[in-house]
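The block underneath contains the structure these notes are about, expressed in structure tokens.
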């Protein structure tokens, strides 16, 4: 049985296939309107995320399927101390596919070990959010017609921005892609990611000005810069307006550039930009529904005749049970899930040990 | 594309047509059970209102459609500071029609400027609640068989009662209608509304006793009187029981009179009255479902082949951008919605300026 | 019109029929997938209970029906002080069947007096939870193939455990059933229940050790023991581990014994037991969906051509209106429901008076 926990669970070919299906649904929605008749999606949102949830629900309804679920932990049994494992063991008997969001990193992996049905990770803390990346890719393909040869500006918090990191990883696979990395110094792309770009021969350029390279961009991907991420209040006051996109700053951009944003925004794009035909972020949210439709179809199809029993998750890789070791990431699911064993994986190449669940480095 | 923001968005003929459709659905529900197959209603309740929400959801399900949404702002992205405009820009890509309730007055008007699909106002603060008025009209037509020549008693808080004001406006259009306005002096109908009745030649009579004119009424429309609306605690203690309907007070009423109430009630109608065949308020709630079915059908039909792009709301009337003026109504959507320009409209007849969004007078 | 308020509303024959239907749905789900097409279930959860709610919703969706409702009182009109009677009067106009959970005992009985449609009690405080008992019975029939001649161990809080009491009552009707009652002394089965077993000639044995009779059991029904139920902290510390089932304690059990639990569990079954084929509690939750499908089908069928008017609940038994008497149970619906008259029923056999709503003894 297939799950989607991380974008790396999909090959490049599979992503291509999903994008092609999504575009076919966009162009011929009627063909698909009964594709999931009598199937049930459980939308299990252990923390609220309205847009993501509604996108999944609308996707399932658009395929003729049905939806149940909960919207935050307060209205779920977790309030009574129930583990993710137990919740999934039960709810996977009530649905054909599960989309789950959870504040703890690795929670969907735990879920995948206890489910009778496919799990889609709809965001686990700062860890993975693969359907956002898929929506971004569909947007680029639909709006630009290609992935190759694009110059992509990413702006904002490039240090902690999960969305941006995933997009960079995904786009690095295509030929001729080049990144302009626009951020305050405090929030620059982590060096380990830059080394990865170097290793893969992907050209990039770091700068602190949103306008400087505006004219070269095919895509400008905006993200939020949070006040508390700056070194000091003075630094924040000095820089805050530099990373707000408005019509003035957009003046230098090419006519066919597109502006993307994972939404919700707070103030990092002035609403006056919304009227600009290059503003693409609401279309991006719109496309998100269609890639989720394609994904639901794929996972339900591949579930096929698989026996309705959980995968009892012994990982496929070599496991190093560092005896007594405990994951130090406070956001890791191992910190809250009762009865979950600590597991670490050692990378045979560099000897690094990482938590099996949240993938953070063991100390 | 048509929206329903205020009852005034509908002509008398359109209201008649809606009532006729609603009665046809009441009499032949099976004919309509697939009328909205594959259509999605988004029920966006930025504040809770269970009965109204369930009425809309039941209406859509009864037409064979599907429903998604949220029930209060706490579980929506507005918690993260997202504007109404952005929420609607996104969600209107996930649904075919939107019913929204919002605590801020004018929020549905803002929504109508950013949506791809029809907006139904399911209540915006103390401003409009047009489907309640439609439900009231359907109740009167269904129970009385006519609108003309009715004597209508309205009782309770007539000063702030949005529901009562709308009903009075709507019923004033019919011949021979007469109002008995029953309230404590502090909560009498505002003089501007009485002048309107005078201008339209609608007879009315103000009194403070619920029983005095009971025998003359065709309809008794009850509303709640809130303690905090009284001038003093003594005044409240002296008067509170006068506006509670019980079997005793009902004794003087005609046999065919009906008692209406928008619900929920607290204590303004004694539960013993529920058994009386004249008690019509639960049937009134029941009819609410059917008028909403008729409305959803109408708006989806009229959306028809309209291009799926938002109306970028420059109002059709002459706009006076009183420079620097700011709406003083603390419940106006302009007080919270980021990036929303203040707009005032000047009435060419009397020179009065009103906020475009909440319609309160500029000072 | 039939409701299901307590398991005693069903005859043994009706329970048999429900179990047979549930097994048929389990074996041939496709046959039933449109059985409730165009029907609406209202899931009215005045307090949260995710698993029970999702089980009902999944049941209705699996029958081709639709679902609406609310998940806790905070998002319902009860926040505005609306009575159960009014909520049901309104919502029963929006749905074809209602499943309700309410913290107050007797609330579903009040609902049944004001509804147009069948009411299913999905739990009212510590009072009744008949669909849990039905799920337990289906589990036993499905897993053991019979009810007769079973030795059933029930372990944990046998004093307050509503689930366990219902199961004992239901199983006492079958031949050759025998109970092993395993609990700390403080939490032993109430003597009134033991007398009932004696009267019906059902053999039982009380003990304090989970392991002592393990080898004799066909079924081990585990429940939670709450810390605050113990006489003292020392007592709790001394005994707590005795009532936690783990692989060690399971060693003495027969190979075909099954372990049941109403879930959610906290720590009373060690997760290592989940892998044991005798662990039956997740299958038990799974079966819960199917018995609810059978129940919804039965009640909708029996509603049949019944007129759509509420039963105005004058009870069928002789009523003794103990004048001035007030129910002393703080969890009784009479303590909160506005306008609800106190009613007590006198048992002609022993002269005992009990509250009509919560069935607790009048003092």
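Miscellaneous remarks
- On the basis of the beta-carbon distance and an R0 of 45 Å, residue A:347 and residue C:206 show a calculated FRET efficiency of 0.20.
- Averaged over the residues of A:64-70, the number of partner chain Cβ atoms lying within 10 Å of the residue Cβ comes to 6.
- Among B:95-107, A:351-363, the order from most to least packed when residues are scored by Cβ within 10 Å on average: B:95-107, A:351-363
- Ranked by the mean number of other Cβ atoms within 10 Å of their residues, highest first, the peptides A:189-197, B:227-235 come out as A:189-197, B:227-235.
- Of all DSSP-defined beta bridges confined to the protein assembly as shown, some 15% are antiparallel rather than parallel.
- DSSP bridge analysis restricted to chain C gives an antiparallel fraction near 15%, rounded to the nearest 5.
- The stretch C:150-291 - share of DSSP beta bridges that are antiparallel (%, nearest 5): 0 percent
- Most mobile of A:30, A:248, A:86 in a GNM of chain A (Cα contacts under 10 Å): A:248
- Counting only other chain Cβ atoms within 10 Å of each residue's Cβ, the peptide A:42-53 averages 4.
- On Cα atoms only, tilt of B:130-144 relative to the major axis of chain B in degrees: 40 degrees
- Distance cut-off 46 Å, percentage of C-alpha pairs in the protein assembly as shown lying past it: 39 percent
- Relative contact order, percent, chain A [alpha-carbon distance under 8 Å, six or more residues apart]: 18 percent
- Taken over the stretch A:317-363, the percentage of Cα pairs per 5 Å bin, counting from 0 up to the bin with the maximum distance, is 5, 25, 34, 23, 10, 2, 1.
- In the elastic network of chain C, a GNM with C-alpha springs shorter than 10 Å, the most mobile of C:349, C:14, C:212 is C:349.
- Shielding by partners, peptide C:279-288 (average Cβ within 10 angstrom, other chains): 3
- For the options C:183, C:49, C:172, a Gaussian network treatment of chain C with springs between C-alpha atoms closer than 10 Å singles out C:49 as fluctuating the most.
- Nearest-ten-degree value, helix A:281-303 long axis tilted from longest Cα axis of chain A: 30 degrees
- Inter-copy label distances at residue A:212 (7 Å, Cα→Cβ; nm, one decimal): 8.0, 8.0
- Separation between Cα centres of the stretch A:95-160 and the stretch C:122-188, rounded to whole Å: 45 Å
- Sorting the segments C:173-180, C:290-297 by their residues' average number of neighbouring beta-carbon atoms within 10 angstrom, most packed first, yields C:290-297, C:173-180.
- When the convex hull of its Cα atoms is projected in every direction, mean area for the stretch B:146-285 (nm²): 8.0 nm²
- Debye-formula intensities of chain A, expressed as log10 I(q)/I(0) at q = 0.11, 0.12, 0.13 Å⁻¹, are -0.80, -0.96, -1.12 (one equal scatterer per alpha-carbon, no solvent).
- Copies compared at residue C:227 - label distances in nm, ascending, label defined 7 Å from Cα in the Cβ direction: 3.9, 3.9
- When its C-alpha radius of gyration is set against 2.2 N^0.38 Å (N residues), the stretch B:75-191 gives a value of 1.33.
Bear in mind that the values in this text are calculations on the coordinates, not laboratory data. Quick caveat, the model's predicted, so the values are computed rather than measured. As a convention, Cβ positions derive from the backbone with ideal geometry for all residues, glycine included, and neighbour counts pool all protein chains shown.
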